[in-house]
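First the structure, in the form of structure tokens, and then the observations on it.
Just so you know, all these numbers are worked out from the coordinates, no wet-lab data involved. What you see is a predicted model, and the numbers here were worked out from it, not measured in a lab. Cβ sites come from the backbone with ideal geometry, for glycine too, and all protein chains shown count toward neighbours.
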There are 2 protein chains.
Amino acid sequence: MKIVDVTTTTFRYISNTVRDSEGHGHPGDPHEAKQSLLTIKTDEGVEGYCFGANTAVIESLVKPLLIGQDPFYREYLWQMLRERQRLHLGSLSDRVLTSVDLALWDLAGRAVGQPVHKLLGAFRDKVPAYASTMCGDDLPGGLATPEDYANFAKWCIFERGYPAFKLHTWQPPYEGAPSVKRDLEACAAVREAVGPDVDLMLDPFHYYSREESLQLARGLEKLDYLWMEEPMAEHSMSSFVWLAEQSDLLIVGPETAEGKHYARAEWIKAGAADVIRTGVGDVGGITPAMKCVHLCESFNMSVEIHGGGVGNLHVLCAMGIPGRYYERGLLHPFIDWEEVPAWLNKRDDPMDSEGFVHVSQDPGLGQDINWDYINDNLVK
Amino acid sequence: MKIVDVTTTTFRYISNTVRDSEGHGHPGDPHEAKQSLLTIKTDEGVEGYCFGANTAVIESLVKPLLIGQDPFYREYLWQMLRERQRLHLGSLSDRVLTSVDLALWDLAGRAVGQPVHKLLGAFRDKVPAYASTMCGDDLPGGLATPEDYANFAKWCIFERGYPAFKLHTWQPPYEGAPSVKRDLEACAAVREAVGPDVDLMLDPFHYYSREESLQLARGLEKLDYLWMEEPMAEHSMSSFVWLAEQSDLLIVGPETAEGKHYARAEWIKAGAADVIRTGVGDVGGITPAMKCVHLCESFNMSVEIHGGGVGNLHVLCAMGIPGRYYERGLLHPFIDWEEVPAWLNKRDDPMDSEGFVHVSQDPGLGQDINWDYINDNLVK
């Protein structure tokens, strides 16, 4: 089988998310936005798909490298692109590798009629999810106060059935942010609202000092939180060694630090985290995410998967060390997360009433694509 | 798809290998021997196979666990068997896990019509091989003297086309063994015979002292050998740290030390080897061998694969860090390695005249099984 074409398709949809001046998403008025789709086509008619592709880089850098290749040579293709990153710093990013790798896994699964987690060698079919909030805001009744978080946590846990809840608290440009004191007030309000038996986690502002991070960790220990992510810039790995040594709270990372499985090997060796974090979008696809999982398993370290999406769901269902949770969101009281994205016929991370997200048993990544919608809304 | 039966078949064949009192193989008079085949059967008629199964353990321990399971849940099944090893120390060995895992990969490949290395995500289709000798002996014209090794190396390199050569030297019960001096004489004779440009390796007696091992390493440095394996008992990891720190020769390991990918993680962290060694038979199958590969890739460490066979060949063809060589053998001047095993219709590690072993593109592990021979020679 040979790759004969690599195309990107851009189409319009209506988004209800807006970005603040620092880039974080919040609920907003419906407005037109663009989504893209990567398609890898073969001479046998089988295709693979991935939403959210960087169209310019794929057309200029990736397409010429993929044409004529066997799509089942995922390891070779991934390593070839990884080596090319040295030449194309800043354009051939890990996110680009992610979309190519996901489309290749999707293609392989569609070619042989099996879901990706079974190609990898499956471990399970469903994973418990946690509700992962948007960052704090100043919207009345939104995520503006500790009480807002508490009310939303109660809805997520007791109404919707999530077994666990993670706060993303306030970051600039919101007034008073960042604040360790206010973060801990929100975390305390949530703990009080849901009781002692629910797993709670925090992902705060990412540029706290060492002392602020330790203060936050000590506060979360008292509130019996399960873990904290990225309170400091991850490029200073030594800061995380310092924090992990002093805190009893589980520190989870790295998430945004570049370096794929190589960086995670260093974090493990240095003792910079108690639980390792990876995700298909962070490290360049399912192929390297599984390498991170296997690295961590070799050191008997748990892995928490960053972000949702079908790629991460298949990784979670193929993991021998189960990551504890699937991250569902980012959620907000004003947004109906169960709404199906316009480009799909059904959600690709359906959650049952007990809080389990089920992986699709359809071939490939298992997304049910709404081709009519895409074709009716093309951006020429 | 469900597993409906797990069977083992034992059949007779004529072997030309005999074991010495320490268990090492040497050429001998043709005699009847037994081989076994593990078959995993599904409700959809697809089957998976692996030769060399422990029939008693599979019947008593493994079969009841596999019946009714989905064979595509390789990760779950492997972890389930691994956990059971704690209860069945000494019977549910890594070799048993290996045969089950290989049969499951074979089954998956046959079910979807793809070779295993493409299911894993292929990197290449062929791997250079090295000629790997049997242990030294006292057979005139065999591997009895340094000159015998030199003559055999010349044949392997210049006649048969192997690009590299590995000696297994003399071990007890042979007179005068073990001997660092004689090992180095054999290694020197081979170096002189093949010239300066051929990769040479040594796997000596495994119970040398630290000082003897260092003496051997220093001798091999002068002879420009590529690597040495296991000169000491691998249960003393500190001995290998000591050796690797002082020697410029690449030290490759561990091979026989128990502990799968977990043990290899410790060797990497401790700096006990320059190149890590793994093989499907050592760690419990393709599934954990790939975990070792991914662990090593995370630390930018090379991996050399222990032993031949189709499982290792598929791993080598799926590795993003190529292990340098496929180990072909164990070879001896008196044995025709190209002879097809009676239970196959053709060899499963064919080597071309340039020394490349080619992986099969047939579904599964790609072995062409001689069913007539097996059925005609069944052991009731």
Self-check item: Shape call, segment A:21-100: gyration tensor on alpha carbons, a/c limit 1.5
Solution: oblate
Self-check item: Point-charge dipole on Cβ atoms (K/R +1, D/E -1) for the protein assembly as shown, about Cα centre, debye to 20
Solution: 400 debye
Quiz prompt | Overall form of segment A:335-380 per C-alpha gyration tensor (a/c, 1.5; a/b vs b/c) | solution = oblate
Quiz item: What's the extension gain from B:Asp43 to B:Lys346 if we count 0.36 nm per residue and subtract their Cα-Cα distance?
Solution: 106.2 nm
Quiz item: How long is segment A:62-165 along each principal axis, judged by its Cα atoms, biggest number first, in Å?
Solution: 56, 35, 16
Practice problem: Please give the FRET efficiency for B:Glu354 paired with A:Glu83, using the beta carbon to beta carbon distance and R0 = 30 Å, rounded to the nearest 0.05. | Solution: 0.75
Practice problem: Report, in deg cm²/dmol and to the nearest 500, the calculated mean residue ellipticity at 222 nm for chain B, where each DSSP H run with n ≥ 4 adds -39500 (n - 2.57) and the sum is divided by the residue count. | Solution: -10000 deg cm²/dmol
Quiz item: Relative contact order for segment B:96-220 using alpha-carbon pairs under 8 Å, separation at least 6, rounded to a whole percent?
Solution: 23 percent
Practice problem: Could you work out the relative contact order of chain B, using alpha carbon pairs under 8 angstrom and six or more residues apart, expressed as a whole percent? | Solution: 19 percent
Quiz prompt | Measure of compaction for chain A (Cα Rg per 2.2 N^0.38 Å) | solution = 0.98
Practice problem: Would you work out which of B:Phe356, B:Pro172, B:Tyr225 lies farthest towards the positive end of the dipole of segment B:119-358, given +1 charges on the beta-carbon of Lys and Arg and -1 on that of Asp and Glu, about the Cα centre? | Solution: B:Phe356
Quiz item: Hey, for B:Gly161 with labels 7 Å out along Cα-Cβ, what do the inter-copy distances come to in nm, ordered shortest first?
Solution: 6.2
Practice problem: For A:Ala144 paired with A:Lys34, estimate the spin-label separation in nm (one decimal), with each label point 7 Å from Cα along the Cα-to-Cβ line. | Solution: 3.4 nm
Quiz item: About its Cα centre, how strong a charge dipole does segment B:119-358 have in debye, to the nearest 20, once Lys and Arg get +1 and Asp and Glu get -1 at the Cβ?
Solution: 600 debye
Exercise. DSSP loop (so not H, G, I, E, B), at most 11 other Cβ within 10 Å: list which trypsin sites (Lys or Arg not before Pro) in segment B:81-155 pass both filters.
Key: B:Arg86
Quiz prompt | Dipole-positive endmost among A:Ala342, A:Gly271, A:Ile67 within chain A (Cβ charges, Cα centre) | solution = A:Ile67
Quiz item: Using a Gaussian network for chain B with springs between C-alpha atoms less than 10 Å apart, which of these wobbles most: B:Ser93, B:Ser247, B:Ser60?
Solution: B:Ser60
Quiz item: Using the Cβ atoms and a cut-off under 12 Å, what net charge is assigned to the surroundings of B:Asp336, where Lys and Arg are +1 and Asp and Glu are -1?
Solution: 0
Quiz item: For B:295-305, what's the mean count of beta carbons from other chains sitting within 10 Å of each residue's beta carbon?
Solution: 4
Exercise. Report the antiparallel proportion of the DSSP beta bridges in chain A as a percent, rounded to a multiple of 5.
Key: 50 percent
Quiz item: Once the Cα atoms of helix A:260-270 and of chain A are each reduced to a long axis, what angle between those two axes, in degrees from 0 to 90 to the nearest 10, is obtained?
Solution: 40 degrees
Practice problem: Show me A:280-292, A:327-339 ranked by packing, highest mean number of other Cβ atoms within 10 Å first. | Solution: A:280-292, A:327-339
Exercise. Give the shape of segment A:229-338 as rounded, prolate or oblate, defined through the alpha-carbon gyration tensor: a ≥ b ≥ c are the square roots of its eigenvalues, a/c under 1.5 means rounded, and otherwise the shape is prolate if a/b is larger than b/c and oblate if not.
Key: oblate
Quiz item: What's the average, rounded to a whole number, of partner chain beta-carbon atoms within 10 Å of each residue's beta-carbon in B:64-76?
Solution: 4
Practice problem: Compute the acute angle (0 to 90°) between the alpha-carbon long axis of helix B:180-194 and the principal axis of greatest extent of the alpha-carbon atoms of chain B; round to the nearest 10°. | Solution: 90 degrees
Practice problem: Starting from the Cα gyration tensor of the protein assembly as shown, multiply each eigenvalue by 5, take the square root, and state the resulting semi-axes largest first in whole Å. | Solution: 51, 29, 24
Exercise. For segment B:281-380, give the magnitude of the charge dipole about the Cα centre (Cβ charges: +1 Lys/Arg, -1 Asp/Glu; no others), in debye to the nearest 20.
Key: 360 debye
Practice problem: In nm to one decimal, list the spacings between the B:Thr10 label point and its equivalents in the other copies, with label points set 7 Å along Cα to Cβ, shortest first. | Solution: 6.9
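Compute the length gained on full extension between A:Ser21 and A:Gln246: take 0.36 nm times their separation in residues and subtract their Cα-Cα distance, giving the result in nm to one decimal.
77.6 nm is the gain from fully extending A:Ser21 to A:Gln246.
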Exercise. Mind pulling the angle between the C-alpha long axis of helix A:286-298 and the longest principal axis of chain A? Nearest 10 degrees, somewhere in 0 to 90.
Key: 50 degrees
Quiz item: How far is it, in nm, from the label point at A:Glu221 to the one at A:Val4 when both lie 7 Å from their Cα along the line to the Cβ?
Solution: 6.3 nm
Quiz prompt | Average beta carbon contacts from partner chains per residue of A:262-275, 10 Å cutoff | solution = 2
Quiz item: Placing a label point 7 Å from Cα toward Cβ, how far apart in nm is B:Gly176 from its equivalents in the other copies, listed shortest first to one decimal?
Solution: 8.8
